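Q: Sharing a structure here in structure tokens format.
The values are calculated or read from the model by the stated rules, or taken from the named source; none is laboratory data. All values reported here derive from a predicted model rather than from experimental measurement. Cβ: placed from backbone, ideal geometry, glycine included. Neighbour counts: every protein chain shown.
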Amino acid sequence: MYPGILKKWQKRLLWACFTLALASCGDSGRKIRLQDMDQGNIHFASSLILEDIIRKNSASPYFHLSPAHVLNPYQTLQAKTVMDDFRRDFTRAENAYYPLRQTGMLVQGTITDIDKDRMEVVFAHVDASARPPFSGKLRLSLDRRFYEKEHIPVLRTGTTSTFMCQEFRPIQESRNQAQHQIEVRLIECKTAEAYYATLHQNIQTRLKAIFSGMETVGADLAPRLTALYQAGQSLPHDSVCLSGSFVACHENLADELGRKWTETQSVDTGSMSIGQDNAQTRPPEQTELGATPLPANAGQSPSGNRLGEPSSKVQEQREMMSQTRIPIKR
């Protein structure tokens, strides 16, 4: 879900965002009402906080803003790997995976079957050339209580999907000379996007309470939160990071920041070295003036859902954000 090379650049971009915003934290200003604040900036600040907790866990200064343990998407288990572990040594794998019942786990695979009545998703792995032939199933039961309040996701066989599951159920193994079968069952599962959306919403609720003065924070945390709020200035007004899901923002952050600075038409490259070998010239008639066209997915989440139109008060809110003040615990 998150390629390694993108992970490296996203870390740099996140810190660049933070540094740019921090530069204006010391400005004097006035306390403003929550409804006057830029909700998109609060949304993005929540994403940055969740990202920081994912990377640093309890070492993050924002750790206490999340009411639940946060699983790291970079440590997602592959369904085939899980089945192969139990195939090689059932007892050892059972002991290794048992501690995950305390924290939950992220698992990814290609869906081979869907049981709508039982609300189950199945990942399967077959090795007919093995002796004896092997067949494994990883069966995921969706969290019924969670999906009573949330829309059940549209799932299709043949697609690669990632889920967060809370714990194991008893694992079955059958082995003789004719066949070797394993079935691993995970329960209380939800899509990874729904899992991170819930965490993101919890953090966003806490931030709104802080920004509105209902909750106080320490003097060391207040400027950090102000910086993260102001980091939204680094994004275009229709960015997926200002209103879309955490996963969509995470996957598209580099493009979103690039769009913002492309739109500013900046030509100051600082100390950047531009050699003749890298230059790509085109005839004037093939050169389009103005900003680079927006990417096709600029206003969409990975699922293809169209995002809402930006508020007509965007500019007014952006002027206010530099005057933001957060209540400080004395």
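Q: Filtering region 160-191 down to residues that are of a type in the set (Ser, Thr, Tyr) and surrounded by fewer than 17 Cβ atoms within 10 Å (Cβ to Cβ), which residue is modelled with the lowest pLDDT?
A: Filtering region 160-191 for residues that are of a type in the set (Ser, Thr, Tyr) and surrounded by fewer than 17 Cβ atoms within 10 Å (Cβ to Cβ), the one modelled with the lowest pLDDT comes out as 174.
Q: Of these, 93, 130, 79, 124, which one is surrounded by 14 or more Cβ atoms within 10 Å (Cβ to Cβ), at pLDDT below 90 and touching a strand residue (DSSP E or B) at 6+ places or on another chain (Cβ under 9 Å)?
A: After applying the criteria, what remains is 93.
Q: Based on what the data block shows, is residue 183 touching a strand residue (DSSP E or B) at 6+ places or on another chain (Cβ under 9 Å) and in a helix (DSSP H, G or I)?
A: Spelling it out, it is not the case that residue 183 is touching a strand residue (DSSP E or B) at 6+ places or on another chain (Cβ under 9 Å) and in a helix (DSSP H, G or I).
Q: Of all residues in region 209-241, count the ones that are hydroxyl-bearing (Ser, Thr, Tyr) and touching a Leu at 6+ places or on another chain (Cβ under 7 Å).
A: Pass one, region 209-241, residues hydroxyl-bearing (Ser, Thr, Tyr): 212, 216, 226, 229, 234, 239.
Filter again for touching a Leu at 6+ places or on another chain (Cβ under 7 Å), leaving 212, 234.
Result for region 209-241: 2.
Q: Would you mind stating whether residue 121 is more than 19 Å from residue 75 (Cβ to Cβ) and touching a Leu at 6+ places or on another chain (Cβ under 6 Å)?
A: For residue 121, the condition - more than 19 Å from residue 75 (Cβ to Cβ) and touching a Leu at 6+ places or on another chain (Cβ under 6 Å) - is met.
Q: Can you find, within region 136-159, the residue that is farthest from the chain's Cα centre (by Cα) among those that are surrounded by 11 or more Cβ atoms within 10 Å (Cβ to Cβ) and part of a loop (DSSP other than H, G, I, E, B)?
A: Among them, the one singled out is 157.
Q: Mind checking which residues of region 122-135 are over 15 Å from residue 186 (Cβ atoms) and either among the β-branched types (Val, Ile, Thr) or within 24 Å of the chain's Cα centre (by Cα) (or both)?
A: 126
Q: Can residue 224 be described as more than 30 Å from residue 81 (Cβ to Cβ), in contact with a Cys (Cβ under 9 Å, 6 or more places away or on another chain) and basic (Lys, Arg)?
A: Yes; evaluated as a whole, the condition is true for this residue.
Q: Six or more apart or on different chains, Cβ atoms under 7 Å: show the pairs whose first residue is in region 228-249 and farther than 25 Å from residue 70 by Cα and assigned by TED's automatic domain parsing to the domain that holds residue 204 and whose second is modelled with pLDDT of 85 or more and assigned to a loop (DSSP other than H, G, I, E, B).
A: Every condition considered, no pair remains.
Q: Going through region 195-205 one residue at a time, which ones are surrounded by 21 or more Cβ atoms within 10 Å (Cβ to Cβ), in contact with a Ser or Thr (Cβ under 8 Å, 6 or more places away or on another chain) and over 9 Å from residue 46 (Cα atoms)?
A: 196, 199
Q: Quick one: residue 184 ticks every box in (1) in contact (Cβ under 8 Å) with a residue 60 or more places away in the chain; (2) within 23 Å of the chain's Cα centre (by Cα) bar one, so which box is it?
A: Condition not satisfied by residue 184: (2).
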